[in-house]
Amino acid sequence: METEMETEGPQKITRHIEAAIFSHRKRVRGLIFDESELKQEYMGKKKDREAAEADLGHLLDQIESEPPLFDLSGQQASETHSSDEWETFPLDDLDGLSPNICKHLAAAPQPIETVGELSIWMRKNGDSWAQDITGIGDNARQQIEDALELFWANL
């Protein structure tokens, strides 16, 4: 006949295994829930990224479809405008341009005193147009570009 100890051993092992199974099933359910939440968060982030990419594409399309602020294509300035009055417009008269900046432009290696002269200089030197002009740093460059943008908008 089996003793109480012999019958209790297998039951103890069985209860231990059942507890471990229960614990692991609970852990798996928790991980499945976590995975589901992460998938939802991923899908939301993916949609946000796709929307941001679409917005960026629309902005880039607008830039490409609008005429450039400065004609850097090599065309003569008079080819892009019906009147050449802007070419002789004094930089001193530009709204938003300080007299100090005008002084630095006039002292450039090739004196720049009109919108036409500045346009030619910018077209000739491309993005680095301000580098060779003493006294024209990033802030002055931005002020010049803003003043020209305002000038062209009001032309």
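The values are calculated or read from the model by the stated rules, or taken from the named source; none is laboratory data. Computed from a predicted model, the values in this text were never measured in an experiment. Virtual Cβ from ideal backbone geometry, glycine too; neighbours counted across all protein chains shown.
The set of residues from the range 108-128 being assigned to a loop (DSSP other than H, G, I, E, B) and touching a Phe, Trp or Tyr at 6+ places or on another chain (Cβ under 6 Å) comprises just one member, I112.
Of a type outside the set (F, W, Y) and at pLDDT 90 or above: is that true of S23 in this structure?
Considered against the rule, which asks whether it is of a type outside the set (F, W, Y) and at pLDDT 90 or above, S23 comes out as yes.
Among the residues of the range 128-139, some residue qualifies, meaning at least one is surrounded by fewer than 16 Cβ atoms within 10 Å (Cβ to Cβ), within 25 Å of the chain's Cα centre (by Cα) and hydroxyl-bearing (S, T, Y).
Residues that are touching a residue at least 24 places away in the same chain (Cβ under 8 Å) and outside any loop (DSSP other than H, G, I, E, B) within the range 85-99 comprise W86, E87, T88, P90, L91, listed in sequence order.
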